[in-house]
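The values are calculated or read from the model by the stated rules, or taken from the named source; none is laboratory data. Predicted, not measured: the structure shown is a model, and the values here were computed from it. Methodologically, a virtual Cβ is constructed for each residue, glycine included, from the backbone with ideal geometry; neighbour enumeration extends over all protein chains shown. Surface areas here come from the heavy atoms of the whole protein model, side chains and all, with no ligands, DNA or RNA. Shrake-Rupley method; radii C 1.70, N 1.55, O 1.52, S 1.80 Å.
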Amino acid sequence: MRVLHLDLDAFFASVEQRDKPSLRGKPVIVGGLGPRGVVSTASYEARVFGVRSAMSMSEARSRCPNAAYLSGRYAVYQSVSSVVMAALRAVSPVVEPLSLDEAFVDLAGSAEGVPTTVSAARSVGARLRSAIVETTGVTASVGVAGSKLMAKIASEQAKPDGLVVVSPGTEVDLLHPLPVRALPGVGPATAARLMRFGVKTVGDLARITEPDLVDLLGDSHGRSLHRLSRAEDARAVNAERESKSVSVEDTFDRDLTDPALLAAIVARLAEKVAGRLVKAALSGRTITLKTRLHDFTTLSRSATLPAPTDDVRVIARLATRLLADLDTASGVRLLGVGVSGLSDWVQDDLFVTERPEPADEPAEVVDDVLHERRGWYPGMDVEHAEHGPGWVWGSGRGRVTVRFETATTPPGPVRTFAADAPDLSPA
């Protein structure tokens, strides 16, 4: 029972419920609030109505119209995640983060070593869960097992706010009744292909011979799933897991056709990517432009430099060149800019002979398209000179409604102000 997997429960929504007492026990949905927004996280109260991550926000609203819809406070989520990751590293220095709310831990690196009994493993998991609730106010589900595969499946079985330990020798008993989608690497397309052969569960998959799986899915994928279906997983927890790319994308509320506006948006996305590279002390050689057209056709175009860069001028220039080579007259619904082939060094100014021309489009137009216009958005923290701290309940028609409460107060009163009220400011 060497591997521990931790997954914070409905993370973004849980943080919002923690900080907004009036939302506790009620449906909360965090994500993009525009017409084409998607759900990032839904609280368990919202999941009862069938709302799930990656669902379109319009469908979520139709399923759960009375939920609180918030646009998210990502700096707060990152802060909570940092505390959680520190708690994991206090257990063992060998931690492999998968996202803000999920990570593997190799318990062989802990002071106590690998738990040899179920009770010892449960003790490690219970102490960790208690420490996280105490320091962050959010709950976590934990799985402990002999491999990454089984530890992650155990944490899924533990949701929400639970702990499951998989005893050695019982892996197949837990694994085989599960739907085949429980295995990593089985997405909708692979599951549909397997379904045509009568494969619904992991146990069904395990009964197919390795040669037959290789013929069906290819050598690498077939062999991997053959092993995983038998609970054979030798993957190590990798504390040095590196990012393969840095990217930013945005979906627009309407299809865009203006070439100047599209180029200005690409330049702004390049600025964001470059900022993240600089912050992470990284650079990259391959610049990629992702474009999704009005009919959902997704195009990806790349250009590779002879040496890595983090220069916004280089990234913006190459990305806009890639855009110019595409036919976007029918309309664009999404643009993304990414940098891959990452390194931790930069050869300065090797590729830049001149600065790019300034964008023709006014900055406020780009702000609006990228949902960056300054203003009041649902969920944001605010401060009022008289009433103190609170959060935006809603805004529009020149007014903003605020509920004045914090994580340490009872549910607070709601008041409405003019959007330009001098006593109200972002916290």
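See the values below:
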{"item": "Residue match in segment 286-299 (condition: part of a strand (DSSP E or B) and farther than 17 Å from residue 336 by Cβ)", "result": "no"}
{"item": "For residue 201: the one exception among (1) more than 25 Å from residue 82 (Cβ to Cβ); (2) loosely packed, with under 15 Cβ neighbours inside 10 Å", "result": "(2)"}
{"item": "Residue under evaluation residue 250, criteria (1) under 29 Å from residue 98 (Cα atoms); (2) outside any helix (DSSP H, G or I); (3) in contact with a strand residue (DSSP E or B) (Cβ under 6 Å, 6 or more places away or on another chain), criterion not met", "result": "(3)"}
{"item": "Residue within segment 53-71 that is free of Cβ contacts under 8 Å to residues at least 12 places away in the same chain, surrounded by fewer than 20 Cβ atoms within 10 Å (Cβ to Cβ) and among the basic types (Lys, Arg) present", "result": "yes"}
{"item": "Residue in segment 207-216 that is at pLDDT 90 or above, at positive phi and open to solvent by 40 Å² or more (accessible area, probe 1.4 Å) present", "result": "no"}
{"item": "Within segment 137-152, considering residues that are under 19 Å from the mean Cα position of the chain (by Cα) and open to solvent by 10 Å² or more (accessible area, probe 1.4 Å), the one nearest to residue 228 (Cα to Cα)", "result": "152"}
{"item": "Condition broken by residue 268, with the remaining ones in (1) touching a helix residue (DSSP H, G or I) at 6+ places or on another chain (Cβ under 6 Å); (2) open to solvent by 40 Å² or more (accessible area, probe 1.4 Å); (3) outside the structural domain of residue 290 (by the TED database) satisfied", "result": "(3)"}
{"item": "Residue list for segment 373-411, filter: surrounded by 13 or more Cβ atoms within 10 Å (Cβ to Cβ), without any contact (Cβ under 8 Å) to a residue 60 or more places away in the chain and basic (Lys, Arg)", "result": "399"}
{"item": "Complete set of residues in segment 272-299 that are exposed (fewer than 14 other Cβ atoms within 10 Å of the Cβ) and farther than 18 Å from residue 257 by Cα", "result": "279, 280, 281"}
{"item": "Check on residue 227, free of Cβ contacts under 8 Å to residues at least 12 places away in the same chain and among the charged types (D, E, K, R)", "result": "yes"}
{"item": "Hits in segment 85-116 (condition: open to solvent by 60 Å² or more (accessible area, probe 1.4 Å) and not aliphatic (A, V, I, L, M))", "result": "89, 93, 112, 116"}
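Conditions (1) in contact (Cβ under 8 Å) with a residue 40 or more places away in the chain; (2) among the polar types (S, T, N, Q), marked per residue:
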position	(1), (2)
97	yes, no
122	yes, no
133	no, no
136	yes, yes
141	yes, yes
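Each row is one residue, and each column tells you yes or no for (1) touching a residue at least 40 places away in the same chain (Cβ under 8 Å); (2) in contact with an Asp or Glu (Cβ under 7 Å, 6 or more places away or on another chain); (3) under 12 Å from residue 266 (Cβ atoms).
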| residue | (1), (2), (3) |
| --- | --- |
| 280 | no, no, no |
| 284 | yes, no, no |
| 290 | yes, yes, yes |
| 296 | no, no, no |
| 305 | yes, no, no |
| 310 | no, no, no |
| 313 | yes, no, no |
| 320 | yes, no, yes |
